[in-house]
Amino acid sequence: MPREIGRAQRAPTGRGTDALGGLLGPLVGGPPAFLVDRNGALRASNEAYAWLAASFHPPLATAVGAPLPVPRSVLDRIVAGGPSQNFEWTYEQDGRPRWLRFELWIPASGTEAVILGLVREQSESASVLRQLHEAEARFEDIARLTSGWVWEVDSEFRFTFVSARIEAMIGVPARFMVGQTLIACGRFEGFPESNYAGHPSPDAMAPFSDVAYEMKSPEGKPILFRLSGVPVFEDGSGRFVGFRGIAHDASAHAAAEARAFIAHTRLVHAIESIPQGFALYGNDDKLLLCNSAYEELLTGRDEQTLVLGKRYAEILDEARAATRFPGGANEIAQVIEACAEHHRNAVEAYEFSLSDGRWILKSVDRTGDGGIVEVWNDITEIRRREVVIRKAEADARRALDLAEAGNRAKSEFLATMSHELRTPLNAIIGFSEIIRDELYGPAGHTSYKDYAADIHSSGRHLLNIISGILEFAKIEAGKLQLTERVVDPRPVLEACMRVVETRAQRAEIKLEMNLPEALPQLKADETRLKQIVLNLLSNAVKFTPPGGTVRLSIKSNQTEGCHIVVEDTGIGIAPQDIRLALSAFGQIESDLSRRYEGTGLGLTLAKSFVEMHGGTLLIESEPKVGTKVTVVLPAERVILR
């Protein structure tokens, strides 16, 4: 019986000029060779074949057109373009078997549908058995050393052989699987994302590779294998008898693929969720990934229109065709060129507008493999706010300019008017003083002398008011400068007390002064220091009813600085009115507020002079109880004797 081997051989491609058309030329003096047609009829042969054929009784076919003992199924597979085929032919002669091994293929240089064959006799059964044992030994070694497990199934997909390595992989002995089908031991439906090939089929009788096949361990743990196999055909008859192949453990690879798939999905979802337009280009400048915000900005449509794999220049051309950029052809060309330049060189962010009025800030960065990441930010609202802010700043600047101009005009007016008023006032005061004191003889009626005294007093008061306004104007204009020197505070404070003493006596107010024996000196402007204390004492006397007390004290050291305190038992100030009392021209209405006329600049000037010395003016007051004003000068102004 013929027995097919199924081992591929590479066909010789020799040349020749013999009667066989060059196909058998190189084999004329070689091993037995022949040509047959697709029906197995002999077309030609060499001398070695003729000699071998004659040694058989009856002899093998040697005449052209005689049939050779080649199975039709083998011829059909070769003619259909299949691989080369081997089969063995056994012949009983004189009580002993003779074996012929045929190797058949389509010659590469053939111009007709002819089949080239070589034949060798294998007559020694011992040699055949030895070769069989050697082949089995090699197969066992390969099955034991391979990283997977070797298997063989019959035509009904029942396991006929399973290598012992399967036990180490799934914990099931190989002998338990023999006789069971592939479907009973596992399933092809497992891990569908990894199953890129069709399931093996006995009807197809075709090789298959890397088919996903899932089995379970005794503990129920799924294990994924990749099965590869080839069909097996019976020698001689060519009957399909099953598959044999190898399986590799692919569980770790499948798990890695699953993790990569999950990570990729998360990345896509994260990119899609960001409001900015995002796009990733490869190092060949082709689009690899983008979100819907990027597509909408470039196309103006919500549906997916950008095709992955397009180059950046093509995408910009599509945006041009979709009229995404405003202006004429030249303006659009400039924007596209700027976008392309920014894309190539990844320079600083680039701003441009779209045809729908939105403004885009485009930033570009490069990846480690030379790819490009583009981010398009919609900055329309930011631009709108910038316009509003710039307008507000311009309005504020104009208002500030107007306010400063008004302040300058006010200060200039006050300074001018003060200077204009002081000149006639000095004359009024001087002449009224002459009349009051009767420097040039008696004034006559005593009323003239009294009127002159009133004129002198009112002039002095008006001059003081104008001087205060002038100083306030200088302070506001920043033109008042301190003339600092080392000052002994005792004579300054005593002089201030003498100035207000007459006024206090008239108002029946008691004055008290509490000065330590040893007082440190101060670095200050003596004139401004007198004005500070005198204004505070004048206010205290002014707002203290008859029978009250005004007290002046000082505490000075290099740790806490210098504290000058003026206290009274006057009408006091409500906490909510202290801010008003310190403001320019601020006056609090009361039954005593008009005892002496004034502009309300006394506390304001005192506070300004204190702050020019780097100090602080503190007010503590309670209505109908009294007021305590503390001048705090910094410690660096205290100079020990």
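Pairs are defined by a Cβ separation below 7 Å, a sequence spacing of at least 6 or placement on different chains, a first member in region 167-190 that is surrounded by fewer than 16 Cβ atoms within 10 Å (Cβ to Cβ), and a second member that is at pLDDT 85 or above and of a type in the set (Lys, Arg); the pairs so defined are GLY179/ARG158; GLN180/ARG158; THR181/ARG158. Applying a threshold of 7 Å to beta carbon distances and a minimum spacing of six or more residues, or different chains, the list of pairs starting in region 379-398 at a residue that is within 28 Å of GLN276 (Cβ to Cβ) and not assigned by TED's automatic domain parsing to the domain that holds ALA349 and ending at one that is modelled with pLDDT of 90 or more and in a helix (DSSP H, G or I) is empty. Within region 195-233, restricting attention to residues that are modelled with pLDDT of 80 or more and of a type in the set (D, E, K, R), the residue that is surrounded by the most Cβ atoms within 10 Å (Cβ to Cβ) is ARG226.
Checked against the criterion of being of a type in the set (Gly, Ala, Ser) and in contact with an Asp or Glu (Cβ under 7 Å, 6 or more places away or on another chain), the candidates ALA396, ALA346, ALA340 yield just one match: ALA346.
Rundown of residues vs (1) at pLDDT 90 or above; (2) loosely packed, with under 14 Cβ neighbours inside 10 Å; (3) touching a Pro at 6+ places or on another chain (Cβ under 7 Å); (4) on the phi > 0 side of the Ramachandran plot, yes/no style:
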site: ARG594; (1), (2), (3), (4): no, yes, no, no
site: LEU601; (1), (2), (3), (4): no, no, no, no
site: LEU605; (1), (2), (3), (4): no, no, no, no
site: PHE609; (1), (2), (3), (4): no, no, no, no
site: LYS628; (1), (2), (3), (4): yes, no, no, no
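Checking each residue in region 289-310 for being surrounded by fewer than 14 Cβ atoms within 10 Å (Cβ to Cβ) and not acidic (Asp, Glu) picks out ARG301, GLN304, THR305, VAL307, LEU308, GLY309. Give me the residue from region 252-297 that is touching a residue at least 60 places away in the same chain (Cβ under 8 Å) and under 21 Å from GLU381 (Cα atoms) and, out of that set, farthest from the chain's Cα centre (by Cα). So, considering only residues that are touching a residue at least 60 places away in the same chain (Cβ under 8 Å) and under 21 Å from GLU381 (Cα atoms), the one farthest from the chain's Cα centre (by Cα) is LEU297.
Could you pull out the residue among GLU47, GLU4 that is of a type in the set (Asp, Glu), out of contact with any Ser or Thr (no Cβ under 6 Å at 6 or more places or on another chain) and either at pLDDT 80 or above or loosely packed, with under 14 Cβ neighbours inside 10 Å (or both)?
GLU47 is the lone residue from the list that is of a type in the set (Asp, Glu), out of contact with any Ser or Thr (no Cβ under 6 Å at 6 or more places or on another chain) and either at pLDDT 80 or above or loosely packed, with under 14 Cβ neighbours inside 10 Å (or both).
The values are calculated or read from the model by the stated rules, or taken from the named source; none is laboratory data. Not measured: the values here are computed from a predicted model. Ideal geometry is used to build each Cβ from the backbone, glycine not excepted, and the neighbour counts take in all protein chains shown.
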